[in-house]
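A.B. asks: What follows is a single structure, and I will ask about it in a moment.
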Amino acid sequence: ALFAAATGAQAGIVIPAGDWTLDIGGVVNAFYTTTKFTGDTGAGAGPLGLGAGDASSQNNITTGLLPNYLSVSGKTRQNDLDVGFTISINPGSSTTQAGIQNQAALGGNQENRQAFLTFGDASWGSIKVGKDLGIYASDAILNDMTLLGVGSGAGSLAGNTTTLGGIGAGYMYADWKAQVAYSSPNWNGFQFTAGVTQGWNAINAGIPGASQVSTDRSGAQSAYEAKASYEWTGDVAGKVWTSAITQNISGVGGAGGKERAWGWDAGTTVNLAGFGLTGYYGKGDGIGQTVQFNGGLDAAGNTRESDQWYVQGTYALPGVGTKLGARYGRSTLDGSGGDTFSEVEDSLWVVGA
């Protein structure tokens with residue numbers, strides 16, 4: 001059970017600089033949270049096994065799923081190309097120990113999530129090179145109401161940059177990836193993106209039983225990701241989307257062994273007269289259930305299947321803009337034939353404003 005109270009602010013400044021236009025923007029948010037754990041002694045609670053069923057209550061002052069950030073972006077038109085860049089820093093709000101402002105054991109409370117450049121033209125699209133939000137499952141997190149709130153992880157992630165929101169309890173984390181990606185023009189609401197992203201290692205964090213890990217990432221290959229969407233306006237406005245990822249994981253299942261991990265998803269959101277309804281489903285093999293490639297392989301290097309889904313309803317109060325919402329999501333990792341567990345399941349109810 002979680003109670004959260006919050007405050008936040010955002011700002012942006014546009015500065016002409018010769019042929020360039022610079023945009024300095026940022027967001028600051030902070031939540032006071034109280035988390036109560038219930039359940040069996042030693043039982044894991046929440047995605048990544050954070051907390052325990054019988055753990056003591058936790059009070060924290062922290063950022064939510066959306067981190068604090070300060071970003072600098074620039075754009076210009078040169079040689080018939082639109083050229084731009086973005087770079088950002090993302091400091092957390094929480095510490096857990098005197099004299100330590102960046103706790104490495106929790107991944108640190110300072111991140112640099114974006115550092116990329118783009119070039120293109122409205123007639124043929126754009127190319128992005130650098131680090132930005134991943135392509136697969138990106139629409140799942142961007143349409144989740146917990147993006148502007150807390151969600152799960154508040155009780156156990158003090159000292160981290162953010163909480164988990166609905167990650168691992170309804171969808172996989174798109175994460176922040178080095179990439180080379182092409183995005184098409186917007187054709188009357190239809191658009192697609194496809195790219196190669198940095199290959200990652202198989203890891204094991206918070207999954208019961210043994211899991212294969214790797215240090216060879218994808219070997220000579222990168223990961224391949226793509227998404228497509230169609231968006232419409234009107235009295236009944238909305239969006240449908242789908243995305244996919246595949247990556248070869250090398251160095252597992254014995255010398256020279258490899259497994260191919262993959263995932264796909266689909267979702268939709270519809271808005272009418274202040275009401276919003278969102279539905280999402282995703283499925284994968286070898287990719288895990290919370291962060292990508294975590295626990296996706298058993299001790300022998302065999303892939304584990306996973307699926308995730310969430311439904312969400314919201315209502316924006318007329319004349320006020322405050323949005324009320326409720327959400328339920330679930331992520332499941334199926335044990336393989338060699339595992340001692342049948343499945344790992346994490347679910348999350350959220351009601352908020």
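A.B. asks: Just add up the charged neighbours of G284: K/R +1, D/E -1, any other residue whose Cβ is under 13 Å from the Cβ of G284.
C.D. replies: -4
A.B. asks: Still on this structure, I have one more. Below 8 Å between Cα atoms, with a sequence gap of 6+, how large is the relative contact order for the chain in percent? Provide the component values of the computation, followed by the final result.
C.D. replies: On the way: 1044 pairs, mean separation 43.8, N = 353.
In percent, rounded to a whole number, it is 12.
A.B. asks: Quick one: with all protein chains in place, what share of the accessible area of segment 109-201 is carbon or sulfur, to the nearest percent (1.4 Å probe)?
C.D. replies: In segment 109-201, the share of accessible area belonging to carbon and sulfur is 61 percent.
A.B. asks: Further question: Using a 1.4 angstrom probe, figure out how much accessible area the chain has per residue, in square angstrom, rounded to the nearest whole.
C.D. replies: Here the residues of the chain average 47 Å² of exposed surface.
A.B. asks: A further question follows. In segment 133-234, how does Rg compare with the Kirkwood Rh, expressed as the Rg/Rh ratio over alpha carbon atoms?
C.D. replies: 1.03
A.B. asks: Could you give P(r) for segment 236-353, binned at 10 Å from zero, as whole percent values over all Cα-Cα pairs?
C.D. replies: For segment 236-353, the pair-distance distribution reads 13, 33, 26, 16, 9, 2, 0.
A.B. asks: Rg to Rh for segment 219-282: what is it, with Cα atoms only and Rh by Kirkwood?
C.D. replies: For segment 219-282, the value is 1.27.
A.B. asks: Is segment 295-353 rounded, prolate or oblate when judged by the Cα gyration tensor, a ≥ b ≥ c being the square roots of its eigenvalues, rounded requiring a/c under 1.5 and prolate requiring a/b larger than b/c?
C.D. replies: Note, shape of segment 295-353 comes out prolate.
A.B. asks: Sort I87, I127, I207 by accessible area with a 1.4 Å probe, largest first.
C.D. replies: Output order, biggest surface exposure first: I87, I127, I207.
A.B. asks: Same structure again: Rounded, prolate or oblate: which one fits the chain, using the alpha carbon gyration tensor with axes a ≥ b ≥ c (rounded when a/c is under 1.5, else prolate when a/b beats b/c, else oblate)?
C.D. replies: Values: a/c = 1.44, a/b = 1.17, b/c = 1.23.
Rounded.
A.B. asks: A further question follows. Classify segment 178-252 as rounded, prolate or oblate from the Cα gyration tensor: take a ≥ b ≥ c as the square roots of its eigenvalues, call it rounded if a/c is under 1.5, otherwise prolate when a/b beats b/c and oblate if not.
C.D. replies: oblate
A.B. asks: List the pairs from K128/K227; K177/K323; K131/K227; K75/K227; K227/K323 whose alpha-carbon separation is above 22 Å, in the order I gave them. Present the calculation step by step, with values, prior to reporting the outcome.
C.D. replies: Numbers: K128/K227 15 Å; K177/K323 31 Å; K131/K227 17 Å; K75/K227 25 Å; K227/K323 28 Å.
Beyond 22 Å between Cα atoms: K177/K323; K75/K227; K227/K323.
The values are calculated or read from the model by the stated rules, or taken from the named source; none is laboratory data. Everything quoted here is computed from the prediction, not taken from an experiment. Using ideal geometry, Cβ is built from the backbone for each residue, glycine included, and neighbour counts are taken over all protein chains shown. Surface areas here come from the heavy atoms of the whole protein model, side chains and all, with no ligands, DNA or RNA. Shrake-Rupley method; radii C 1.70, N 1.55, O 1.52, S 1.80 Å.
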